[in-house]
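Here's the structure, in structure tokens; my notes come after.
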Amino acid sequence: MSVSIKINGRCLSAEPGQTILEVARSHGIEIPTLCDYPGLPSHGSCRMCVVEIQGWPNTPTACTTPVADGIVVKTESEYLRSLRSDLLRMLLAEHPGACLFCPENQNCEECMITLRKAGVTTGCRSCPSDGACTLQDLVKQYGLNSVAYPVRYRALAVEKEDPFFDRDYNLCVLCGRCIRVCESLHFTHIPTYVKRGSQTRVGTSFGQSHIEAGCSFCGACVEACPTGALWDKTSKWDGKPDSEVQSTCPF
């Protein structure tokens, strides 16, 4: 039996067990998120999908909150926009910002059109996900022009030892997509969280290489990563694809 809810003034029908995020998206209502990924259980770690529910004292995450009959949800407001902007700034406090905040950004397309003809090792455009990054999209969407918090760069070495993928965890936002897609969809536990607190990062247990840990290099973690932290060596500097099609995995 379906339930009736209201989102942004629209009366919608939903199935019991669906989350607010699922219902919103099924009706063309976009809610920003970083940690959500198709096929994975709800996680709620990035908290970018917070919403307001009439009568509730807090702002729950849409991806983890199941629908209930009669609830009134607001996905956009000045308060939510301010809250999401602050959440995004906190995520960016440990993320390189050269590709995000620059007074010359508008001139890049006109003046740096040949940059992608070779691998980039210096300069501001040194991220392989530049132009195809969820984090960049959110920064533009919320009009951020600075972090506004003390910045702490991780200064981690780029991991290039594996035969197929490069890993730059300086660009990681700890969304957990790579860990969860490996656990939930491929039933292995190659990437995991290591260390604690402000030192938390993604790695492998006991500091093993991915070969030693038994990684099959299927590419699921690379596909799931919303930033440039994980990248396929063969396509690292190809830039944003012209189009996408469904195909058969060659693995």
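The values are calculated or read from the model by the stated rules, or taken from the named source; none is laboratory data. For clarity, every value in this text was computed on a predicted model and none was experimentally measured. A quick note on method: Cβ atoms are made from the backbone with ideal geometry, for glycine too, and the neighbour counts reach across all protein chains shown. Quick note on the areas: whole protein, heavy atoms, side chains included, nothing else; ligands and nucleic acids left out. Shrake-Rupley method; radii C 1.70, N 1.55, O 1.52, S 1.80 Å.
Here are some notes:
- Lone unmet requirement of (1) of a type outside the set (Lys, Arg); (2) outside any loop (DSSP other than H, G, I, E, B); (3) over 29 Å from residue 150 (Cβ atoms) for residue 91: (3)
- When the criteria are applied in full, residue 88 meets the requirement of being open to solvent by less than 70 Å² (accessible area, probe 1.4 Å), farther than 23 Å from residue 236 by Cβ, at pLDDT below 95 and touching a Phe, Trp or Tyr at 6+ places or on another chain (Cβ under 7 Å).
- Flag if residue 13 is out of contact with any Gly (no Cβ under 6 Å at 6 or more places or on another chain), open to solvent by less than 60 Å² (accessible area, probe 1.4 Å) and not in a loop (DSSP other than H, G, I, E, B): no
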